[in-house]
Amino acid sequence: MKEINNYFRYFYAFKTQRKQKMKSTLETLIYKIAILIFLLLFSSSIYAQKNGLPTTKTNTFWERVDIGGSLGLAIGNNFTNITVAPSAIYNFNNYFALGSGLQYSYLRQKNVFTSNIIGGSLIGLFNPVEQVQLSLELEQVNVNNNYQELGNNQKRSFWNTGLFVGGGYRQDNITIGGRFNLLYDRDLDIYGSAFMPFVRVFF
């Protein structure tokens, strides 16, 4: 019995160490991708200016900034989900934009669990034509769960990273579409699916 316990301890330690190593590698990759997005958008803006491509009508910084985000509320069957996600983007020209956002979510399943999620994101937008918007979004959130099942209060806190590629139909300031999480892990992720629909609004 002692040998079996030692085996399981060794297996758990090995699995934990492997997950930590994979997480470190993924974080390094994500930071490199974020830097690459910024450099691509910055260089595209310079290219557009040099070659006389159409740009936004005004040249001051704040007139190129759009503010927006999303609000979410879902209540039913003893379940509550409230989300507040403000964001802002800077339009380099009519094709490229780069921005960031904050996110807070409160989830509660009566007598099962409560969850507080807070974090931020970086997003790059590309509009090849007026009606189509493509996106690449890096999201990092901290998750704090409190489980009440079977009368036991158990807490779990962890970081969750998402790298989303998406696309949608754009009409004026509203974009409706979907995004896919390239880093989705069924066992570790806070989302039920790698694919998520979205409605994006900026003013």
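The values are calculated or read from the model by the stated rules, or taken from the named source; none is laboratory data. Because the structure is predicted, anything quoted here is derived from the model rather than measured. Note that each Cβ is placed from the backbone with ideal geometry, even for glycine, and that neighbours are counted across all protein chains shown. Surface areas here come from the heavy atoms of the whole protein model, side chains and all, with no ligands, DNA or RNA. Shrake-Rupley method; radii C 1.70, N 1.55, O 1.52, S 1.80 Å.
Looking across segment 99-138, the residues that are charged (D, E, K, R) and closer than 25 Å to I89 by Cα come down to E130, E137.
Scanning segment 167-177 for any residue that is among the small types (G, A, S), more than 24 Å from N145 (Cα to Cα), in a strand (DSSP E or B) and under 13 Å from the mean Cα position of the chain (by Cα) turns up nothing. When every residue of segment 166-182 is checked against the conditions, at least one turns out to be modelled with pLDDT under 90 and among the acidic types (D, E).
Picking from S135, S193, which residue would you name as being over 18 Å from Y104 (Cβ atoms) and not in a strand (DSSP E or B)?
Answer to the selection: S193.
Please work out which residue is most open to solvent (accessible area, probe 1.4 Å), limiting yourself to segment 154-203 and to residues that are aromatic (F, W, Y) and over 28 Å from V65 (Cα atoms).
Pass one, segment 154-203, residues aromatic (F, W, Y): 158-159, 164, 169, 180, 184, 191, 195, 198, 202-203.
In the following step, the residues that additionally are over 28 Å from V65 (Cα atoms) were identified as 158-159, 184, 191, 195.
On the way: F158: 34, W159: 137, Y184: 60, Y191: 41, F195: 116 Å².
Going through the qualifying residues, I end up with W159.
For segment 66-118, the set of residues classified as open to solvent by 60 Å² or more (accessible area, probe 1.4 Å), modelled with pLDDT of 90 or more and in a loop (DSSP other than H, G, I, E, B) consists of N94, Y95, listed by residue number.
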